[in-house]
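The values are calculated or read from the model by the stated rules, or taken from the named source; none is laboratory data. Worth saying up front: this structure is predicted, and the values here are computed from it rather than measured. Cβ atoms come from the backbone with ideal geometry, glycine included; neighbour counts cover every protein chain shown.
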Amino acid sequence: MLIHSAAQLLTLAGGPQRGSLLGTLGIIQDGAVLVQDGRITAVGRTVDLLTAYPHEPQLDADGRVLIPGLVDPHTHLVWAGDRAAEFEMRIQGKNYMEIMAAGGGIAATMNATRNTSLDELIAETRKRAEILFRNGTTTLEAKTGYGLNTESEIRQLAALLALDDKGPLEIVPTFMGAHAVPPEFKGNTDGYVALVCEEMLPAVKEWCLANAGGRPLPFVDVFCEAGVFDLAQTRHIFTVAQGLGFPLKVHADEFENLGAASLAAEMDAASADHLVKTSFEDIHRLAQSETVAVSLPPTPFGLADGQYTPAQEIIASDGLLAIASDINPGPAWCESMQFVIALACRYLRLTPAQAIAAATINAAAAIQRADRIGSIEVGKQADLLLLAVDDYRHLGYRFGGNLVDVVIKRGQVFDFSLRFLKPVH
Ligand code: NIG
Ligand code: FE
């Protein structure tokens, strides 16, 4: 299939974009892309590709913008129930960590998730996955962490793999048994850390080797935060996980600076995420590593907090910056990476070009898939979006809607553009 006549084709070619390189879009005016067997086999100008491949079936982009599929590198997609009542409490003045300490928050979702069967969990999660896909997310990372015991954590992992198998949304899983201390270990965080290290991690590895169909092992993530897991506990879990061959990620500096970003850099984690209260020293260490700094603007926005990731300092230090939704049933039920881009422009002061790079090629790097997705280059998977605009800056500029007309995943075309009001009766 030859997709042609894109007003702007944003290639994002050349690999992950560090520091001042962030926002290098590699625009081809009147661009075209050839897709064969789910992969990109040629990229160039419409005139050239139409001449070179005259017999290919055609998809006319008709002056729209063509970009790589958006990659969401930090989500908590699989859960049961909701926490609308907590949202109301937060608006009335209770804070997130107070609600969590009182047994709400993650523990509330844990209760609902533990009591949900695998099939129901898949069905609930699938609805959200479809909304994200329609909004242009073609690949996402998704964490467990609402089971908090071995059996229920593995059920979440099984739900994620089943959804990935079904597609079209591609899911890269993360095991996050250390998301919170479950009620049965209240006051005994070390006991729970021992369970994670001695029982859960080996069980997850064994389960994956038997059930994950040759996929690489999932990431292991820890919520390193005051009142949750401290830096020493995080280091301990990471050491065991790394010894078993798991790649690492971390929730760092969401509410307090505990030094987890530097730990992530030291241990060669794929990413350090949240990064709100991050010190200059931590930013510097991150920037000197291959660890991607992942900012989650929907979280402070959802908590109505005024403070966001110091993105300009990350860029000035030559760091690798990505953005993600953090979609979860607590502070950030956000299904749209387009909205994340809009927030990043306003609160991280990214240009639309920088935000798009942070949501594509750099987001792919944050999940160690930049060799396969995140840009429009020959050899890559054909994950593409056609936007109903002729200038890419409308991404970021506009918010609250959906600019995606067509989603192409591994060469398969999903056309959502025929939207017209049609009464049911
Ligand atoms: O990344 N901070 C920890 N985890 C999630 C929130 C999860 C929840 O509240 O359910 C986050 O923001
Ligand atoms: Fe998170």
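Counting only residues that are loosely packed, with under 13 Cβ neighbours inside 10 Å and of a type in the set (Gly, Ala, Ser), the range 10-65 holds 3 of them.
Give the residue that is farthest from residue 405 (Cα to Cα), with candidates limited to residues of the range 48-71 that are free of Cβ contacts under 8 Å to residues at least 24 places away in the same chain and touching a strand residue (DSSP E or B) at 6+ places or on another chain (Cβ under 8 Å).
So the first thing to find is which residues in the range 48-71 are free of Cβ contacts under 8 Å to residues at least 24 places away in the same chain, and the list is 48, 51-52, 54-55.
Next cut, touching a strand residue (DSSP E or B) at 6+ places or on another chain (Cβ under 8 Å) only: 48, 52.
Working: 48: 25, 52: 27 Å.
Restricting to residues being free of Cβ contacts under 8 Å to residues at least 24 places away in the same chain and touching a strand residue (DSSP E or B) at 6+ places or on another chain (Cβ under 8 Å), the top hit is 52.
Within the range 254-269, the only residue that satisfies the criterion of being surrounded by fewer than 24 Cβ atoms within 10 Å (Cβ to Cβ) and within 14 Å of ligand 2 (Cβ to nearest atom) is 255.
Of the residues making up the range 93-108, not a single one is touching a Ser or Thr at 6+ places or on another chain (Cβ under 7 Å), modelled with pLDDT of 95 or more and either under 30 Å from residue 33 (Cβ atoms) or within 13 Å of ligand 1 (Cβ to nearest atom) (or both). Going residue by residue through the range 214-233, is there one that turns out to be modelled with pLDDT of 95 or more, buried (at least 17 other Cβ atoms within 10 Å of the Cβ), assigned to a helix (DSSP H, G or I) and over 24 Å from the mean Cα position of the chain (by Cα)? For the range 214-233, residues modelled with pLDDT of 95 or more, buried (at least 17 other Cβ atoms within 10 Å of the Cβ), assigned to a helix (DSSP H, G or I) and over 24 Å from the mean Cα position of the chain (by Cα): present.
Kindly list the number of the only condition in (1) among the β-branched types (Val, Ile, Thr); (2) within 22 Å of residue 199 (Cα to Cα); (3) over 19 Å from the mean Cα position of the chain (by Cα) that fails for residue 144. Against the list (1) among the β-branched types (Val, Ile, Thr); (2) within 22 Å of residue 199 (Cα to Cα); (3) over 19 Å from the mean Cα position of the chain (by Cα), residue 144 comes up short only on (3).
Taking residues in the range 134-155 that are under 15 Å from residue 121 (Cβ atoms), and partners anywhere that are assigned to a strand (DSSP E or B) and charged (D, E, K, R), the pairs with Cβ atoms closer than 6 Å and at least 6 places apart or on different chains are 143/221. Residue 174 passes every criterion in (1) more than 16 Å from ligand 2 (Cβ to nearest atom); (2) hydroxyl-bearing (Ser, Thr, Tyr); (3) within 25 Å of the chain's Cα centre (by Cα) apart from (1). Here residue 290 fulfils each of the conditions (1) within 12 Å of ligand 1 (Cβ to nearest atom); (2) closer than 24 Å to residue 139 by Cβ apart from (1). When the range 74-91 is limited to residues that are more than 11 Å from ligand 1 (Cβ to nearest atom) and more than 18 Å from residue 301 (Cβ to Cβ), the one that is nearest to the chain's Cα centre (by Cα) turns out to be 77.
Within the range 249-256, does at least one residue satisfy the condition of being in a helix (DSSP H, G or I) and at pLDDT 95 or above? Scanning the range 249-256 turns up no residue that is in a helix (DSSP H, G or I) and at pLDDT 95 or above. Here residue 59 meets the list (1) in a loop (DSSP other than H, G, I, E, B); (2) among the hydrophobic types (A, V, I, L, M, F, W, C); (3) more than 24 Å from residue 275 (Cβ to Cβ) almost entirely, failing just condition (1). Here the range 234-250 is the region considered, the condition is being touching a residue at least 60 places away in the same chain (Cβ under 8 Å) and crowded, with 22+ Cβ neighbours inside 10 Å, and the residue that is farthest from residue 144 (Cα to Cα) is 246. Checked against the criterion of being of a type in the set (Asp, Glu) and either buried (at least 24 other Cβ atoms within 10 Å of the Cβ) or under 17 Å from the mean Cα position of the chain (by Cα) (or both), the candidates 405, 383 yield just one match: 383. Give me the residue from the range 129-153 that is of a type outside the set (Ser, Thr, Tyr) and surrounded by fewer than 20 Cβ atoms within 10 Å (Cβ to Cβ) and, out of that set, farthest from ligand 1 (Cβ to nearest atom). Residue satisfying both the conditions and the ranking: 134.
Considering every residue within the range 219-229, establish whether at least one is touching a Pro at 6+ places or on another chain (Cβ under 7 Å) and assigned by TED's automatic domain parsing to the domain that holds residue 299. Yes, the conditions are met somewhere in the range 219-229. Scan the range 327-343 for residues that are crowded, with 24+ Cβ neighbours inside 10 Å, among the hydrophobic types (A, V, I, L, M, F, W, C) and either away from ligand 1 (no atom under 15 Å from the Cβ) or at pLDDT below 95 (or both) and the total you get is 2. Kindly indicate the residue of the range 51-77 that is of a type in the set (D, E, K, R) and over 23 Å from residue 330 (Cα atoms) and also farthest from ligand 2 (Cβ to nearest atom) among those meeting that condition. Result: 56.
For the range 270-326, the candidate set comprises residues that are out of contact with any strand residue (DSSP E or B) (no Cβ under 7 Å at 6 or more places or on another chain) and acidic (Asp, Glu); within that set, the residue that is surrounded by the fewest Cβ atoms within 10 Å (Cβ to Cβ) is 281.
When residues in the range 133-154 are screened for being at negative phi and either touching a helix residue (DSSP H, G or I) at 6+ places or on another chain (Cβ under 8 Å) or not assigned by TED's automatic domain parsing to the domain that holds residue 170 (or both), 14 of them pass. Answer yes if at least one residue in the range 364-385 is of a type outside the set (Lys, Arg) and within 16 Å of ligand 1 (Cβ to nearest atom), and no otherwise. Yes, that holds for at least one residue.
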